[in-house]
Structures are given as C-alpha cells and as structure tokens.
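I have a structure I would like to understand better, so I am pasting it below and will then ask my questions one at a time.
Derivation of every value follows stated rules applied to the coordinates shown; laboratory data play no part. Quick caveat, the model's predicted, so the values are computed rather than measured. Note: ideal-geometry Cβ built from the backbone for every residue, glycine included; neighbour counts use all protein chains shown.
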Ligand SMILES: [Zn+2]
C-alpha cells in the first residue's frame, strides 16, 4: 500500500469508528508507518471528517514535516513503535466501555479482561492496566514504555486503550474487539459466567499462532 492509499485508509477507518460511536469529539488518534516516517492524525481533529491531505507526517527522526500539527498524544504512539519492531499502526481511543472498565477498582491490573471469547483471546490476549497519569505527563510515556515490549494492547486507567498492530486494519480490528469485550464484561458483571479455561486458551494458541 502506498502513502496515498494509507492516508485514504486512515480517513475511511477513522470515519467508520466515529460513525459507530467508538470515538467522538476530537478524541482518539491513529498513526501508521510509511517507508520514510509516520502518518498521524492531527491535534484537535475529529475522526469523523479527516482530510487526507492534512494528516500529519513525521520523518524517521519523529520531526513534523508535512500536514497539520500531530496529536498531543504522539508519545503514546512513538513508544509503541520504539518498543515493538514490526508495528505498522497504532490506534488509541477513549471508547466508552473500555474507559468504564479502566475506572473499576476491583479489576486484575495485570490482565483487565477475562477470556470471554476466542476472538478476544486471539486479537488481544492479555491487557495490562497502566496507572493514571495526566495526558502528556512523561511518567505516562515511561509506564507505557515499560509494558509495551511484552504487550501490543494496553489500557490506560481512567483514559482508554492503546493498541499496536502489524497493519492499520489489524490495529483497528483489535481495538474494536477490545471495546466490544469490555462491553460484554460490563453486561456480565455480577452474573454467573463461564469464561474460556486454560486448556481452551492453549488450544487457540496452537491453532492460531501469532
Ligand atoms: Zn487519550
């Protein structure tokens, strides 16, 4: 996929997520790797009406070279690329159900969501909670950096999920699976529930190695 096709794909997938309520206002951001740097959604932009020509472009040193100024949450993206070689795209949302789960006080902080479905296990697997820090705080970047090499999906407490993927489609589909699983988790809370057991999870890992 060339850069112009990737710009169009960012616009199309961002609009789709906006129209389905996965992002709203000017929240959420997307980045994608290109041969000579990165594309990133601009600061203050709404995912519903992105202009492909105004998408920010950064060079391989992370310097802003084209388009509008990049998102203020740029460091979340940079840390994921830095810690996870082979990452083609990163998506960060403030999606409602994931944020709701990130505010619960009685969750397992090492792995927030239980293995409810096979697709969740395959697309996310484990989801650690990163402690709360104000947006832009460098301690948030530090906390994300510490977890990113072992996890492609992270949940920021009282904030939202960040997911890295090999491609933009991979990252978007994974973060959507995460959001839907957070919704199911809240629906099932306080109900007797069967989750996948360790044998079922291991079976999935052998059938669908990543
Ligand atoms: Zn955010």
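Could you figure out which of (1) touching a residue at least 40 places away in the same chain (Cβ under 8 Å); (2) outside any helix (DSSP H, G or I); (3) surrounded by 15 or more Cβ atoms within 10 Å (Cβ to Cβ) isn't true of residue 181?
Residue 181 satisfies every listed condition except (2).
Further, regarding this structure: What's the number of the only condition in (1) within 30 Å of residue 7 (Cα to Cα); (2) surrounded by 22 or more Cβ atoms within 10 Å (Cβ to Cβ); (3) touching a residue at least 24 places away in the same chain (Cβ under 8 Å) that residue 58 fails to meet?
Every listed condition holds for residue 58 apart from (3).
Residues in the range 46-58: is at least one in a helix (DSSP H, G or I) and within 15 Å of the chain's Cα centre (by Cα)? Quick ask: steps written out before the conclusion?
Initially, the range 46-58 is screened for residues in a helix (DSSP H, G or I), giving 47-49, 52-54.
Subsequent filtering for residues that are within 15 Å of the chain's Cα centre (by Cα) retains 47.
Yes, some residue in the range 46-58 is in a helix (DSSP H, G or I) and within 15 Å of the chain's Cα centre (by Cα).
Six or more apart or on different chains, Cβ atoms under 6 Å: show the pairs whose first residue is in the range 120-134 and over 17 Å from residue 108 (Cα atoms) and whose second is crowded, with 18+ Cβ neighbours inside 10 Å.
From residues that are over 17 Å from residue 108 (Cα atoms), the pairs are 123/174; 123/177; 133/140.
Give the residues of the range 186-204 that are under 24 Å from the mean Cα position of the chain (by Cα) and free of Cβ contacts under 8 Å to residues at least 60 places away in the same chain, sorted by residue number. Steps first, please.
Step one: list which residues in the range 186-204 are under 24 Å from the mean Cα position of the chain (by Cα), which gives 186-189, 195-196, 201, 204.
The answer is 187, 189.
Out of the range 145-174, which residues are touching a strand residue (DSSP E or B) at 6+ places or on another chain (Cβ under 6 Å), in contact (Cβ under 8 Å) with a residue 40 or more places away in the chain and within 14 Å of the ligand (Cβ to nearest atom)?
Selection gives 155, 156, 157, 161, 162, 163.
Turning to a different aspect of this structure: Just give me the residues in the range 160-178 being within 13 Å of residue 102 (Cβ to Cβ) and part of a helix (DSSP H, G or I), in sequence order. If you could, list the steps in order and put the result at the bottom.
The initial filter retains those residues of the range 160-178 that are within 13 Å of residue 102 (Cβ to Cβ), namely 160-162, 178.
The answer is 178, and nothing else.
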